[in-house]
Amino acid sequence: MTGRERIIEAFRGVPDRTPLFEREVKSPSVREILGKPSAVDDFPYKMQFLEEGNWEGLMEEMADDVIKVAEVCGFDMIRLGTNIPKDYERPRRVGEYIWELENGYIKYLPESDMDTFVPKIKVENDEEETMRKWLLKGEFQEPKFSDDQFEFFRRAKRKMKEKGLDLAIMCSLYTFPVAVLPNYMLEWFVREPDLLAEYYRRQALWAMALGKRLIEEGADVIGIGGDLASDKGPLVSPASYRRVLLPAVRMLSDYLHSLGAFVIHASDGNLWPIIDDFLIGAGVDGYEEIDKAAGMEIPLLRERFGDKITLVGNVDCRWLLTLGTPSEVKEAVKKCLDEGGGKRHILMTSNVIHRGVKPENFLAYIEAYREYYGL
């Protein structure tokens, strides 16, 4: 089977072997593979291209890097998405991790691998009231995407074709946040649940518009969701999840299915109190970010759902890949493959190969997969 065929069979039936996939491989692990920073996953490196006005070079190197990582690791699927438009505002570096734009600054936080925009002029307004007015006024306006925002996607597809690679394509639409909502919106779960439900409905409509374009470009699998739980359980009650979030999640899932994509639902944390709604109620095909450290285990999920859901995981990247040894990693990978049983399972970590993962442990993870199948 080709990688794409193997992924499709992991959703439909029994592939020739469990597919291998990682949504993101960040530094320092990706530098070990490429011998340089990744244009896809290294934010300061990407900003160098944008500072220089080298949009074409960035698109080309992003496509090269995502394909090279997939080739070296033997992934059966790659993650693609949109890119910055060609007519972007060129940033100017004013500090080690700070870039200036006309209206503000982009700051990169290396300790968390996150970036944020800080406006130059703080607008004094009532954020809650502004959000309320937007949600109460008129109907949702469908977003427009410029054609050049899909350049990275298209170049990666061309490079796959040139190399004779047939890999599945996954795209992420994580538009249902809970953990990162401002305090007033968290309070809306109790004070104004119908208004918050409208917010999630609009998030779904936005994702439907982008999802349609991504599927037209060639996406096979769409990841939906957003972080909504800790190790102790969901941040909202099962009743609130069912009333406020689930209708929008199901609307998006059904729409993406109507366009021919497989849909996987993602969140870290302990989801046991809402797991039936999160998977069956949402009408999804798979469960991504299965958080082993939070008690989400393949054997328990199999006992609950049988072969109804494709499980995407569940090698622990929180403790094992950061603090464990290569031999411990290998043992865990092979155990995970045993538990997956070769059907309705895609091998992946419990989230991503993040900055805290030891490169030697990531390489042991890949090696263990190859040893397991004699590759």
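Of the residues making up the range 115-164, those that are touching a helix residue (DSSP H, G or I) at 6+ places or on another chain (Cβ under 7 Å), aliphatic (A, V, I, L, M) and more than 19 Å from LEU196 (Cα to Cα) number 2.
Residues that are over 28 Å from ILE8 (Cα atoms) and of a type in the set (S, T, N, Q) number at least 1 in the following strands (runs of 3 or more DSSP E) confined to the range 31-142: 114-119. Flag: PHE153 matches the condition of being in contact with a strand residue (DSSP E or B) (Cβ under 9 Å, 6 or more places away or on another chain), touching a residue at least 60 places away in the same chain (Cβ under 8 Å) and surrounded by 11 or more Cβ atoms within 10 Å (Cβ to Cβ). Residues in the range 92-117 that are surrounded by 12 or more Cβ atoms within 10 Å (Cβ to Cβ) and closer than 25 Å to GLN203 by Cα: ILE106, ASP113, ASP115. Annotation note: Cβ proximity below 8 Å between a residue of the range 235-247 that is surrounded by fewer than 17 Cβ atoms within 10 Å (Cβ to Cβ) and a residue that is charged (D, E, K, R) and at pLDDT 95 or above (sequence gap 6+ or interchain) occurs for PRO238/ASP277; ARG242/ASP277; PRO247/ARG201. Would you say GLN141 is polar (S, T, N, Q), surrounded by fewer than 18 Cβ atoms within 10 Å (Cβ to Cβ) and touching a Pro at 6+ places or on another chain (Cβ under 8 Å)? Considered against the rule, which asks whether it is polar (S, T, N, Q), surrounded by fewer than 18 Cβ atoms within 10 Å (Cβ to Cβ) and touching a Pro at 6+ places or on another chain (Cβ under 8 Å), GLN141 comes out as no.
Of the residues making up the range 31-42, one or more are in contact with a strand residue (DSSP E or B) (Cβ under 8 Å, 6 or more places away or on another chain) and at pLDDT 95 or above. Tell me, yes or no, whether the range 303-318 has at least one residue that is in contact with a Gly (Cβ under 9 Å, 6 or more places away or on another chain) and part of a helix (DSSP H, G or I). No, the range 303-318 has no match at all. Applying the condition of being free of Cβ contacts under 8 Å to residues at least 40 places away in the same chain and in a loop (DSSP other than H, G, I, E, B) to the range 323-357 and asking which residue is nearest to ARG17 (Cα to Cα) yields GLY341. When residues in the range 123-150 are screened for being touching a residue at least 24 places away in the same chain (Cβ under 8 Å) and touching a Lys or Arg at 6+ places or on another chain (Cβ under 9 Å), 7 of them pass. Of everything listed in (1) in a helix (DSSP H, G or I); (2) crowded, with 21+ Cβ neighbours inside 10 Å; (3) touching a residue at least 40 places away in the same chain (Cβ under 8 Å); (4) of a type outside the set (S, T, N, Q), the single unmet condition for PRO273 is (2). Of the listed requirements (1) over 30 Å from PHE362 (Cβ atoms); (2) modelled with pLDDT under 95; (3) not aliphatic (A, V, I, L, M), GLY281 misses just one: (2). Residues in the range 20-50 that are under 25 Å from PHE150 (Cα atoms) and touching a Pro at 6+ places or on another chain (Cβ under 6 Å): TYR45, LEU50. Tell me whether the range 12-23 contains one or more residues that are without any contact (Cβ under 8 Å) to a residue 60 or more places away in the chain, part of a helix (DSSP H, G or I) and charged (D, E, K, R). Looking through the range 12-23, at least one residue is without any contact (Cβ under 8 Å) to a residue 60 or more places away in the chain, part of a helix (DSSP H, G or I) and charged (D, E, K, R). In contact (Cβ under 8 Å) with a residue 24 or more places away in the chain, closer than 29 Å to GLN149 by Cα and assigned to a helix (DSSP H, G or I): does that describe ALA197? Considered against the rule, which asks whether it is in contact (Cβ under 8 Å) with a residue 24 or more places away in the chain, closer than 29 Å to GLN149 by Cα and assigned to a helix (DSSP H, G or I), ALA197 comes out as no.
Counting only residues that are under 25 Å from GLU52 (Cα atoms) and among the acidic types (Asp, Glu), which one in the range 62-91 is surrounded by the most Cβ atoms within 10 Å (Cβ to Cβ)? My answer is ASP65.
Pairing residues of the range 287-303 that are on the phi > 0 side of the Ramachandran plot and crowded, with 22+ Cβ neighbours inside 10 Å with residues that are assigned to a loop (DSSP other than H, G, I, E, B) and not aromatic (Phe, Trp, Tyr), at Cβ distances under 8 Å and at least 6 apart in sequence or on separate chains, gives GLU289/SER267; GLU289/ASP268; GLU289/GLY313; GLU289/SER350; GLU289/ASN351.
Scanning the range 212-253 for residues that are part of a helix (DSSP H, G or I) and within 15 Å of TYR200 (Cα to Cα) yields a total of 14. For the range 5-19, the criterion of being surrounded by 19 or more Cβ atoms within 10 Å (Cβ to Cβ), in contact with a Lys or Arg (Cβ under 6 Å, 6 or more places away or on another chain) and either closer than 22 Å to GLU151 by Cα or of a type in the set (A, V, I, L, M) (or both) is met by no residue.
The values are calculated or read from the model by the stated rules, or taken from the named source; none is laboratory data. All figures in this text were calculated on a predicted structure; none of them were measured in a lab. Cβ: placed from backbone, ideal geometry, glycine included. Neighbour counts: every protein chain shown.
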